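One structure is given here, and the rest of the page talks about it.
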Amino acid sequence: MKTVSKTLTYIILSYVVCLACKKAEVNTPMVDTKPNPTKIVINPQTTFQTITGFGGANRMWGTQFLKPSEGPKAFGLADGQLGLSIFRVRLSSNKTEWPLIIESVKEAKKYGAKILASPWSPPPALKSNKSDIGGHLLPENYKAFKDYINEFIVYMAQNGAVVDVVSIQNEPDIKVTYESCDWTAEEMINFLKAPGQIVGAKVAAPESFNFSQNITNALLANNEASQKFDIVAGHIYGGGLAKFPAAEQQKKEIWMTEYLMNLNVGNAGAAKWITFSEAAKWGETLKMLTSVHDSMINNWNAYIWWYLQRFYSFIGDGEEGTTNGEVLKRGFAFSHFSRFVRPNFVRIGVDNPSTNTLRITAYKKDSQTIVEILNTESFSVKNIQLSGLTPTSAIAYTTTETINLEKKTLSIVDKNVEIDIFPNSITTVVITN
């Protein structure tokens, strides 16, 4: 009897506890787990640089140049196209090679792209070592080289392939064993000041290997030399991402004209590109996008990647598991800037809380505002509110390791555009005001 009674008591107590639990569930209010919004204020009245564009380079040697069939993919603005607005080509030291790039340049020009031509070497006959590798341009041949550049500009224009900008020298400050020429800052200043003038295209200089402040600022500090070039240009291998106040004071545009990241597959004994995981490739792509973001906040006007068609780049070339002519993940990622932040957009102010890990820049033209949001962290960021505008519509495009430019219409509440940001992602918000 005691055992039965004890068991019955346990059953009754359990029933009472269960009822209490249910009552507690009914009476306890639901807790809203949505985090407080992080407000990002866009300031259209605060303006910075005007954007000239984002681009990529032609293959520089051989005959594997951009084909007309790849033109729409590289320079078009439709879904699945990259919207590049600058195309970099080689100004060959051998005139017989000039015709090779005409069709590629003409194709880019169909879409309004600006053409930058960079020489890797003056003609060997004008140099100290009579070679297209290393050596210096002889001072007595300064005018002859200017005449050579002018002849190239005229030749291209006569063949319907107008060149907009010419450089003096690709990477004058690094010694290599391929086509090149060595220049000091003093030599470049003397070249600019020498008799003769480059005409028919804007002039870019110095295209330093790591955007050397010493070389660039030396050219800018010499008033006569500075008046002979229009664009401050450089590369960012190993450094160089910084502001150039002297260039801004002189109202010169600042162009990043070459950068390359490819998981170091070009090094001797390195693993092949195809052996790397998609996560590793995407991680490096996020680093590339960070360099674009940093260029923008340093008030640079243009950013030009290395080969636009290569297995590690924007469009596949048929190597390392890529399909020739296929737009690649890295291309889709870069197109967040190149396709949406168009020439003549102006970068505007963004008040981004210091506690926020997102990298954000914004741009405007007419009634459109573009907001670029880069998240290099492995966690999502919920409940972002973009404020400071009078939006009538907002559309987000997001790319991650697994999606390409996924499109979503965003909610607008009390003039705030609301959005959640994926981890390890790039998101473009297109706002119509």
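Data overview
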read-out: Residue ID - nearest to Gln368 (Cα to Cα), chosen from residues in the stretch 387-400 that are within 18 Å of the chain's Cα centre (by Cα) and touching a residue at least 40 places away in the same chain (Cβ under 8 Å); value: Tyr397
read-out: Failed condition for Thr184, given (1) within 24 Å of Tyr303 (Cα to Cα); (2) among the polar types (S, T, N, Q); (3) surrounded by fewer than 22 Cβ atoms within 10 Å (Cβ to Cβ); value: (1)
read-out: Members of the stretch 307-351 found to be within 29 Å of Thr63 (Cβ to Cβ) and of a type in the set (Gly, Ala, Ser), listed by number; value: Ser313, Gly316, Gly318, Gly321, Gly325, Gly331, Ala333, Ser335, Ser338
read-out: Residues of the stretch 58-74 satisfying the condition of being out of contact with any helix residue (DSSP H, G or I) (no Cβ under 7 Å at 6 or more places or on another chain), surrounded by 21 or more Cβ atoms within 10 Å (Cβ to Cβ) and under 18 Å from Glu258 (Cβ atoms); value: Ala74
read-out: Members of the stretch 401-433 that are in contact (Cβ under 8 Å) with a residue 60 or more places away in the chain, assigned to a strand (DSSP E or B) and over 25 Å from the mean Cα position of the chain (by Cα); value: Asn416, Glu418
read-out: Residue in the stretch 104-114 that is among the acidic types (Asp, Glu), surrounded by 16 or more Cβ atoms within 10 Å (Cβ to Cβ) and within 30 Å of Asp366 (Cα to Cα) present; value: yes
read-out: Matching residues, the stretch 272-289, being part of a helix (DSSP H, G or I) and not β-branched (Val, Ile, Thr); value: Trp273, Glu278, Ala279, Ala280, Lys281, Trp282, Gly283, Glu284, Leu286, Lys287, Met288, Leu289
read-out: 2 or more residues aliphatic (A, V, I, L, M), touching a residue at least 40 places away in the same chain (Cβ under 8 Å) and within 20 Å of Thr52 (Cα to Cα): qualifying strands (runs of 3 or more DSSP E) within the stretch 153-264; value: 165-167, 231-235, 253-258
read-out: Set Leu116, Leu82, Leu138, Leu100: member being touching a strand residue (DSSP E or B) at 6+ places or on another chain (Cβ under 8 Å), over 21 Å from Arg339 (Cα atoms), assigned by TED's automatic domain parsing to the domain that holds Gly234 and at pLDDT 95 or above; value: Leu138
read-out: Count - residues of the stretch 279-310 that are buried (at least 22 other Cβ atoms within 10 Å of the Cβ) and either farther than 30 Å from Ala247 by Cβ or basic (Lys, Arg) (or both); value: 2
read-out: Thr63 vs. criteria among the polar types (S, T, N, Q) and within 20 Å of the chain's Cα centre (by Cα); value: no
read-out: Search result, residues across the stretch 110-126 that are part of a helix (DSSP H, G or I) and out of contact with any helix residue (DSSP H, G or I) (no Cβ under 9 Å at 6 or more places or on another chain); value: Pro124
read-out: Residue within the stretch 234-252 that is acidic (Asp, Glu) and farther than 30 Å from Thr323 by Cβ present; value: yes
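The values are calculated or read from the model by the stated rules, or taken from the named source; none is laboratory data. No experiment lies behind these values; they were computed from the predicted model shown. A quick note on method: Cβ atoms are made from the backbone with ideal geometry, for glycine too, and the neighbour counts reach across all protein chains shown.
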